[in-house]
Each structure stands twice: as structure tokens, then as C-alpha cells.
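A short worksheet on the structure shown next.
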Amino acid sequence: MHPETWLALEHLQRCALEALAVQKRASKASRSWALNRAIGEVVAVQKMVGTIPQTERALVEEIAKSWQSILVSESAEVGSISIYEPVKNPYVAGDPVVGPGFKGREDTIRELKQLWCGTTKPPSVVLYGHRRMGKTSILRNINSHLGSEVRLAYVNLLILGGAERGLSDLFLAIADEIRASLPELPQADMDEFDRHPELAFKQYLDLVQSALGKSRLIIALDEFEKLEEWMNAGRIPGNLLDTFRGYIQKDQNIAFAFAGLHKLEEMTEDYFNPLFASVRPIRVSFLSKDAAFQVLANPALEDYPLDFSREALECIWQLTGGQPYLVQLVGHYLVSRFNRLTFEQGKQLEPVFSLEDVEAVIADPEFYSQGRYYFAGIWGQAGQGAEGQKELLKFIAAFPNGIPMEGIAARFGPNSENTASALRELERHDVLQEKDGQWQFTVELMRRWVKEFR
């Protein structure tokens, strides 16, 4: 079969997939956009049919005409979409995504479910990954997938501030969340936790053990690096993780889930050594391409009236690399821009985001200002650990297509141990990657931010 024929068949295959989406989706808007995309694939085949060899042309034309007839008939039922009021923005820029809008982490959810639901002795885990990767969203959503035999007590350590009262603050916060997941438990005695926090918490866990029966409890501690910060400040004892390990070994139906930027082995101090053998690491990284497209094109909003061209989706993928926060941020700004231009400036816009729309959004300085929590967070972490990370980032940011190791060595010296260590750390933290012999940013928007603002 000739290459032109294969290309036509690829268009027809995508047409079939979009037609299937028309049948499966409940939202009228989603069905309408899928139908439009299917029609677009047929039109593409009709435009190229003259390039197909004569021996195969008639068959391709017949298939395209059949699809055209089916889609025209379907369009009468689906109808068109009109937008008369500002579109509700389904993309969450900043806060954890909780509920139906949580998409793209099915593999991680499935792994945790298998670990915790498939055994009476659930293992403890550490969810680690760079900033704004969605670790908190995973912990906030996993509960709905665990069933009645597994309870989850979620504690975000940021809410404790500086943990001024030390272990009392920490253990009381955990006890309160445990009680929220096991309402039959009594309320923790604040006075006892103030006087003897470790003893009071141990006794409370004994009550928890009795209340659990055959069920399991997962104690999820988000932003777990705060523990190291409090240990260094002398707010909580340095042997706290020995205590946690004791709980894990004693109460085998109780496990911990830590979430933060690092694997335990990467922590700068030795506080976490006792847990190395007891905790399973689970990396949370970028969304896959399909997952990123799913987040954008199928948000959890009934009759969502906007859609994306294929070129727009590809552009967002190239810019974000699947970084979850940035995918949501671009989507959020696209909807906000559509509403502003349509309802404040009175412009008539197609309800399909184009490549030009994406380029307009990321050219707006306000976009980078809103995204500063991500960009500045990455930049701030590059100032920790191995020396020279920021200098490397500023240098590589000048090369959109990356630069080979020889170019880096020419700038920083051929035998620089600092440079090698900095590259390894930036690669481990998903900031840089080596691809086809070129060192480059994993996220193009991060490269642009460094080049423009640093």
C-alpha cells in the first residue's frame, strides 16, 4: 500500500474514533465538537484523494463518502452549540483538583489501591515529585477509590505553620483527622497531648486499633519536608521517624503515606534513615500526552461549550511537557481570555481554541505572573543542594533546542565536578533532561521564564 493511502487511512481511523466519541459522550457540546473533528478528518481525505494512486483511490473515496453521509445525518441530531453567557472555567490553576476534574493519574491511583486494598498489612509509601505535580490532588482523591475497608486520614503539614508546640501540634492534628475518618473514636484530650504528646498519641492509636477491627488506616502526611524543618529548629525530636517506624511495625494495619519533593534517601539530614526499608517510593511526574489532552479536552463540566484544535493541544503539550499545574493554567487562561474578548469586548470568536489563542495567552506577562508559584518554586529549589544549578539554568535557557555536553563543558570547564553534580540534581528533579545528546529544559515554559525574568 502506498504512503498516501496509509495517510488517508490514518485520517479515516481518527474519524472513526471521533464518531465513537459522538456516540459515547453525554454532553451535547462534547458530542458536537467530536462530530466537527470527525468531519474535519473526512474533509482532509477528500482534499488529498487526488494524490492517492489510481488502484487504491476508488476504495478510499467510497469509504470517505460513506463516512460523510453518516456524519451529515448525525449532525442533524446533535445540532450546533451557541454561547450566550460567560463560560464557567473548569480548569483549576493552583489549588488541588478534587472530584470529577481529577484526571490523568489513573496509574498511580491503581497502584495505591492495589497496595492498600489487596492486603491486610498495607505498606507505607512516599509520593515524591517536583512542585505542582499533583501529589496533594492524588491524596485528596484516593479516598473515594479505597472502599470501606480502608480509611485515610489526610494531614497537610503546612497548616501547622511552625509547629510552635512541637509534637503536641503534630500529634493532635493527626488525631483529629483520624477521628474524622473514624467518627466512633473519642475526641483527643488536648491537655494530655500537651503534657505527654508521645504517650497520649500512642494511647490514641491503641483506641484506633480497636476501632479498626479488620479495616486498615492510612495516615497521609503531605509536605513531609516540614518534619525535617521542625527537627532542625528543635521543635520536634530528631528521632521522631524511629517512633513512626515503631508504629508501622507494631500496628500492621496502620500505614503512612508521605508526600513531598524528595525520596527519603534525598533528604539532607539523616532523620529519615529509619524509614528507608519500610517505605515504598512512588514517583509522581509529568502527565502523559494522552492524559494531558484528556484534562484539556474533556473537563468535568456538563455541556462544556469550548473545544481545542489539534494544533492547540499539540502546542500546549510542547510548552508544558505535561506538567499538571501548567496544563491547567493554560486552560484556565484560555477560557478567561475567551470570556473577556466575547462578553467584554464583543468580539465574535470561534468556540474552538486555536494555535493563535495559545500563543496569545503565553505572550501575556500576566500568565507568568500567575504562574510564579511554580516558576519561582523551581528556581528556589535550584538554589539548594548542588552548587551551580542556577547558573546552569540561565546558560541553557538561551538555547531553545538544547546544548550538547561539549557546549556546557566549554562554558563551565571540562572537568567540573560541580557542573556534573548540578546536572544530575536538575535531571533528578525533572528540571533538565538529556535528549538526543542535547541538555534541555523538560518544560519549555520554564525555559522561557528563566530567559525572560532571570
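What follows draws every value from the coordinates through simple rules; no lab data is involved. Everything numeric here is computed off the predicted structure, so don't read it as measured data. Cβ: placed from backbone, ideal geometry, glycine included. Neighbour counts: every protein chain shown.
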So Ser75 and Arg428, fully extended at 0.36 nm per residue minus their Cα-Cα distance, gain in nm 122.1 nm
Length gained, Ala180-Val98, 0.36 nm per residue minus C-alpha separation, equals 27.7 nm
Kirkwood calc, the range 373-453, C-alpha pairs only, radius in angstrom 12.4
Pairs over 24 Å Cα to Cα, from Lys24/Lys47; Lys47/Lys289; Lys24/Lys103; Lys390/Lys435; Lys347/Lys451; Lys103/Lys289, come to Lys24/Lys47; Lys47/Lys289; Lys347/Lys451
Counting Lys and Arg as +1 and Asp and Glu as -1 over every other residue whose Cβ sits under 14 Å from the Cβ of Pro123, the net charge comes to +3
Quick shape check on the range 289-370: root eigenvalues a ≥ b ≥ c of the Cα gyration tensor, a/c under 1.5 is rounded, otherwise prolate if a/b tops b/c, else oblate, and it reads oblate
Along the range 192-208, Karplus-curve 3J(HN,Hα) (6.51, -1.76, 1.60; θ = phi - 60°) to the nearest Hz, with x for Gly and Pro, reads 5, 5, 6, 6, 9, x, 5, 5, 4, 5, 4, 5, 5, 5, 4, 5, 4
Applied in sequence order to the range 31-43, the curve 6.51 cos²θ - 1.76 cosθ + 1.60 (Karplus, θ = phi - 60°) yields integer Hz couplings, x standing for Gly and Pro, of 5, 5, 5, 4, 5, 4, 5, 4, 4, x, 5, 5, 4
Summing -39500 (n - 2.57) over every DSSP H run of at least 4 in the chain, dividing by its residue total and rounding to the nearest 500, the 222 nm mean residue ellipticity is -16500 deg cm²/dmol
Amide H contacts under 5 Å for Ile52, restricted to residues at least 5 apart in sequence or on another chain and with H modeled in the peptide plane, are none
As a percent rounded to 5, the proportion of antiparallel DSSP bridges among beta bridges in the chain is 15
Once the dipole of the range 190-302 is set up from charges on Cβ (+1 Lys and Arg, -1 Asp and Glu), the residue from the list Leu207, Gly238, Phe224 lying farthest towards its positive end is Leu207
Whole-number value, in Å³ per residue, for the convex hull of the alpha carbons of the range 61-168 is 255
Among [x] 47, 30, 21; [y] 36, 25, 20; [z] 35, 30, 21, the entry matching semi-axes √(5λ) of the Cα gyration tensor in Å as calculated here is [x]
Measuring from its Cα centre, the range 204-349 shows a charge dipole (+1 at each Lys and Arg Cβ, -1 at each Asp and Glu Cβ) which, in debye to the nearest 20, is 240
Projecting the Cα atoms of Leu182, Asn339, Met48 onto the charge dipole of the chain, where Lys and Arg contribute +1 and Asp and Glu -1 at Cβ, the residue farthest towards the positive end is Met48
PRE zone check, label point 7 Å out along Cα-to-Cβ of Cys117, amide N under 18 Å, scope the range 145-165, hits 145-153
Gln54 neighbourhood, Cβ < 12 Å, K/R = +1, D/E = -1, net charge -2
With the 8 Å Cα cutoff and a minimum separation of six or more residues, the chain has a relative contact order in percent of 16
Given unit charges at Cβ for Lys, Arg (+) and Asp, Glu (-), the dipole magnitude of the chain about its Cα centre in debye, nearest 20, is 420
Straight-line reach check, Lys214, cutoff 29 Å on alpha carbons, 8 or more apart in-chain or any other chain, hits among lysines -> Lys113, Lys121, Lys135, Lys202, Lys250
Going from the fewest other Cβ atoms within 10 Å to the most, one would list Ile316, Ile219, Ile109 as Ile109, Ile219, Ile316
Pseudo-spin-label distance Glu387 to Asn415, built 7 Å along Cα→Cβ, given in nm, is 1.7
The set of residues whose placed amide H lies less than 5 Å from the amide H of Leu152, leaving out same-chain residues fewer than 5 positions away, is Ile218
Under 5 Å from the placed amide H of Ser124, counting only residues 5+ away or on other chains, we find Phe256, Arg280
Of the candidates Ile70, Ala255, Phe399, the farthest towards the positive dipole end of the chain (Lys/Arg Cβ +1, Asp/Glu Cβ -1, centred on the Cα centre) is Ile70
Taking only the alpha-carbon atoms of the range 304-454, the convex hull volume per residue, in cubic angstrom, is 108
Contour minus Cα-Cα span, Asp290 to Asn232, at 0.36 nm per residue, comes to 16.6 nm
Calc'd 3J(HN,Hα), the range 120-130, phi into Karplus 6.51 cos²θ - 1.76 cosθ + 1.60 (θ = phi - 60°), Hz, glycine/Pro = x, comes to 8, 10, x, x, 7, 9, 10, 8, 10, x, 5
